[in-house]
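**Student:** Here it is, the structure in full.
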Amino acid sequence: MFLEPGFKSQRSGWIEVICGSMFSGKTEELIRRLKRARIANQKVEIFKPSKDTRYDDREVVSHDENTLLSNPISFSHEILLLKPETEVVGIDEAQFFDMDLTIHCQTLALKGIRVIAAGLDMDFKGLPFGPMPELLAVSEYITKVHAICPHCGNLATHSYRLGYEKETILLGEKDKYEPRCRTCFSMGNILTFR
């Protein structure tokens, strides 16, 4: 490969996004990929939003109760403060971060780091959620995972809120949300948001 004088070759980084509805296995897939990277002796750091304390303050926890210790942070720029030897960065609940998350993920990828972000692609209204649309647009790899709609058995792509709260961010589990297919989600919203 020909390089201009003064430039040196470095390992290329990239961005992977795992997205889907609640209960679709996003965090489970993130944990699986990060564990594989550790088995390959790669230096891994994991971040999660400090506001997500549903299961644990410090650990990333899947609904199947698999866990990895993480660094809870409040703002996406804190991801840049990782250890210099880091090769792989995992980010859970990416939709909860500020809109600068995409810029910081691109910065890490340009430094040769593999970035794996998991998050909801849509909010409870079925609209693109936080920085996820931009992150999906600039990523090299996208994995969309699906849950199963408990009403009809089809693939669930939406997170249906069971209550009447209107705020976009409302932490909860099966007590507040259920996965639904497009049709069952739309039927429920016609009744809820009339």
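**Student:** For the Cα atoms of the chain, what angle does the longest principal axis make with the long axis of helix 182-192, in degrees from 0 to 90, nearest 10?
**Tutor:** That works out to roughly 60 degrees.
**Student:** Which lysines, if any, have their Cα less than 20 Å from the Cα of K26, not counting same-chain residues under 8 positions apart?
**Tutor:** Within reach: K35, K48, K51, K125, K144, K174, K176.
**Student:** Could you give the length gained on full extension between D100 and L80, defined as 0.36 nm per residue of separation minus the Cα-Cα distance, in nm? Please report the intermediate quantities before stating the final value.
**Tutor:** On the way: separation 20, 0.36 × 20 = 7.20 nm, distance 1.17 nm.
Between D100 and L80, full extension yields 6.0 nm more.
**Student:** Provide the net charge surrounding L110, with neighbours chosen by a C-beta distance below 13 Å and charges set as Lys +1, Arg +1, Asp -1, Glu -1. Present the calculation step by step, with values, prior to reporting the outcome.
**Tutor:** On the way: positive: R11, K111, R114; negative: E140.
Taking every Cβ under 13 Å from that of L110, the sum is +2.
**Student:** Would you mind ranking R32, R161, R180 by Cβ crowding within 10 Å, fewest neighbours first? Don't skip to the end; give the middle numbers.
**Tutor:** Numbers: R32 14, R161 20, R180 27.
Fewest-to-most Cβ neighbours within 10 Å comes out as R32, R161, R180.
**Student:** Would you work out which of N41, L136, I116 lies farthest towards the positive end of the dipole of the stretch 14-145? Charges go on Cβ: Lys and Arg +1, Asp and Glu -1.
**Tutor:** Going by the charge dipole, the pick is N41.
**Student:** Still on this model: If the chain between L69 and K176 were fully stretched, how many nm would it gain, using 0.36 nm times the residue separation less the Cα-Cα distance? Before the final figure, lay out the partial values.
**Tutor:** Values: separation 107, 0.36 × 107 = 38.52 nm, distance 2.57 nm.
Here the answer is 36.0 nm.
**Student:** Working from Cα positions, state the angle (0 to 90°, nearest 10) between the long axis of helix 101-110 and the longest principal axis of the chain.
**Tutor:** Value to nearest ten degrees: 30.
**Student:** Calculate the dipole size of the stretch 14-145 relative to its Cα centre from +1 charges on Lys and Arg beta carbons and -1 charges on Asp and Glu beta carbons; express the result in debye to the nearest 20. Walk me through the numbers before you get to the answer.
**Tutor:** Working: 16 positive and 21 negative charges, 70 e Å.
Dipole about the Cα centre, nearest 20: 340 debye.
**Student:** For the stretch 99-194, which GluC sites (Glu not before Pro) are in a loop by DSSP, counting at most 16 other Cβ atoms within 10 Å?
**Tutor:** On the way: sites: E134, E140, E165, E167, E173; in loops: E140, E165, E167, E173.
Those that pass, being in a loop and sparsely packed, are E140, E165, E167, E173.
**Student:** Using a 4.7 Å Cβ cut-off, which Cys residues in the chain lack a partner cysteine?
**Tutor:** Cysteines lacking a close Cβ partner in the chain: C19, C105, C152, C184.
**Student:** Here is a further query. Report, largest value first, the span of the C-alpha coordinates of the stretch 14-145 along each principal axis, in whole Å.
**Tutor:** The principal-axis extents, from largest down, are 40, 30, 25 Å.
**Student:** In Å, what is the Rg of the alpha-carbon atoms in the stretch 106-194, and how long is Dmax?
**Tutor:** 15.3, 49
Every number in this text was worked out from the coordinates using simple rules, so none of it is lab data. Since the model is a prediction, treat every value here as computed from it, not as a measurement. Note that each Cβ is placed from the backbone with ideal geometry, even for glycine, and that neighbours are counted across all protein chains shown.
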